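Remarks on the structure that follows.
Bear in mind these aren't lab numbers, they're just calculated from the coordinates by the rules spelled out. This one's a predicted model, so the numbers in the text were calculated from it and none came from an experiment. We place every Cβ from the backbone using ideal geometry, glycine too, and count neighbours over all the protein chains shown.
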Amino acid sequence: MNKIFNLKKSKKLIIFGANDTAKLAHYYFQNDTEYEVVAFTVDPAYIQENEFQGLPLHSFETIENQYPPSQYDLFVAVSYNQINKLRAKKFQEALDKGYMLPSYISSKATVWSEAIGRNCFIMEDNTIQPFVSIGDNVVLWSGNHIGHDTVIQDHCFISSHVVVSGHVVVEPYCFLGVNATIRNAIRIATECVIGAGAIIVKNTEPKGVYIGSAASKYKLNSDELPSI
C-alpha cells in the first residue's frame, strides 16, 4: 500500500511489541511521520519468530547493542495490561537504556495543546482543546474529546469516544473505557478503571472500578432544574 503522505524519512525507529498495538504503531509511524520503522523488539521469552511485519524481531535485553540509542529512537507499543503498569515498566527500561521515546500524534487529530509528553499514542479524530496537559506514556485511541484545562497524568489509557470535560484531572495508571463520560472539574484518582459507558459525576477513589448503569428519570422535570 502506498504511504499516506509520502513523508521524507529522516529518523529511524524501533518498536517494542509484537502484537496488534505494535502493528498499528508500525503503520501509523511509517505512514504519518518522518520515522522509518526498522525493527521490533520484545522480551526474549516472547520471541517465537525472527520477524514481525516483515521486519527483524530482536531481544530487548540486548537491543542497544544492535541499534544504539545515539542512532535510533524507540517506541513502546504496549496496551493497558496490568492497568498500564507493564507499559510503564517498559517505558522506564527503554529510558534507562538511553533511548529517546517519541510520541505519535496523528495528523488527523485536532490538537490545540503542545503540552504532550513522551511515548504518547494519539490516534485520529481526537480533539484536544487548549490548555490541556498530557503526561508521558498516555494512549488516546481514536475519537475522544479532551476538554480545556484538563490534565491527564502519566501512564493512562483512554479508549474510543470518551468525553473528558474541562478542568478534569486524570491521575496516573487509569483506564477509561469506550463511551465513558467524565463531568467537568472531576478528579479521577490513581489506578481507576472506568467501565464502558460509565458516567462519572463526582471524584473517584484510588483503585476504584466504576461501571455505568442505564439512565433513569430524575425526580424533577426539565423546567424545574435549577441550572442546565
Checklist entry - How many of the residues making up region 19-40 are of a type outside the set (Gly, Ala, Ser) and within 14 Å of residue 57 (Cβ to Cβ)? => result 6
Checklist outcome for this item: In region 57-98, anything of a type in the set (Lys, Arg) and either touching a Pro at 6+ places or on another chain (Cβ under 9 Å) or in a loop (DSSP other than H, G, I, E, B) (or both) is listed as 97
Checklist entry - How about region 181-223: which of its residues are of a type in the set (Asp, Glu), more than 21 Å from the chain's Cα centre (by Cα) and assigned to a loop (DSSP other than H, G, I, E, B)? => result 205
Checklist entry - Looking only at region 131-158, which residues are in contact (Cβ under 8 Å) with a residue 40 or more places away in the chain and under 12 Å from residue 110 (Cα atoms)? => result none
Checklist entry - Listed residues 80, 27; which is within 17 Å of residue 141 (Cβ to Cβ) and without any contact (Cβ under 8 Å) to a residue 24 or more places away in the chain? => result 27
